[in-house]
């Protein structure tokens, strides 16, 4: 992505997070980014294209991070801990992205359906790990999909915790408390 496109994209994500997608106009995005409307339309046909790129880039980041981290994991617990760390790092580092996705996940419009699909795709990554832990007798028996959704929900709530603490908590602080709670909650030993 070239410099102009990246700046427009990053500005849009920031404004979508601060003001909401519907309350952010093309004119405002280009004004804040410091470009004419033509620069935006050169790179994106519509505002919706900016949103689509946000989901695409976020999904790519998450999937690539998991793939890289899994190469070093030998057990289901190591995989789960790796995923939890990745989730927390993404929430902390890409807070605006997460805010936009969460805020566009309710309702019934094209953006909501896209967010739900991205969420479902992520659940499909986590679900086999949970199922493997259940099958190996490491995790309590249960619905792997429901457990995966619950873990993701708790992770998203760590964003709220971080915001409540006025950003004075580190990734390591969130991870330590979060991992201990999640692992203790689903493991038999």
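Going by the conditions given, is residue 61 buried (at least 17 other Cβ atoms within 10 Å of the Cβ), within 21 Å of residue 103 (Cβ to Cβ) and touching a helix residue (DSSP H, G or I) at 6+ places or on another chain (Cβ under 8 Å)? So residue 61 fails the test.
Listed conditions (1) in contact with a helix residue (DSSP H, G or I) (Cβ under 6 Å, 6 or more places away or on another chain); (2) within 24 Å of residue 72 (Cα to Cα); (3) crowded, with 18+ Cβ neighbours inside 10 Å are all met by residue 89, apart from (3). Of all the residues that make up region 154-189, how many are over 18 Å from residue 89 (Cβ atoms), out of contact with any strand residue (DSSP E or B) (no Cβ under 9 Å at 6 or more places or on another chain) and modelled with pLDDT of 75 or more? Residues flagged as over 18 Å from residue 89 (Cβ atoms), out of contact with any strand residue (DSSP E or B) (no Cβ under 9 Å at 6 or more places or on another chain) and modelled with pLDDT of 75 or more within region 154-189 amount to 2. Return the total of residues in region 113-155 being under 25 Å from residue 183 (Cβ atoms), over 12 Å from the mean Cα position of the chain (by Cα) and surrounded by 13 or more Cβ atoms within 10 Å (Cβ to Cβ). Number satisfying all stated conditions: 23.
Here's the yes/no breakdown for (1) without any contact (Cβ under 8 Å) to a residue 40 or more places away in the chain; (2) assigned to a helix (DSSP H, G or I); (3) loosely packed, with under 14 Cβ neighbours inside 10 Å:
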position: 16; (1), (2), (3): no, yes, no
position: 45; (1), (2), (3): yes, no, yes
position: 51; (1), (2), (3): no, yes, no
position: 56; (1), (2), (3): yes, yes, yes
position: 111; (1), (2), (3): no, yes, no
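Output the residue which, of all residues in region 71-86 that are surrounded by 15 or more Cβ atoms within 10 Å (Cβ to Cβ) and without any contact (Cβ under 8 Å) to a residue 40 or more places away in the chain, is farthest from residue 9 (Cα to Cα). Per the criteria, the residue is 73. Among the residues of region 26-40, those that are free of Cβ contacts under 8 Å to residues at least 12 places away in the same chain and part of a helix (DSSP H, G or I) comprise 27, 31, 37, 38.
The values are calculated or read from the model by the stated rules, or taken from the named source; none is laboratory data. It should be emphasised that the depicted structure is a prediction, and the values quoted were computed from it without experimental measurement. Quick reminder, even Gly has a Cβ in these numbers, built from the backbone with ideal geometry, and neighbours come from all protein chains shown.
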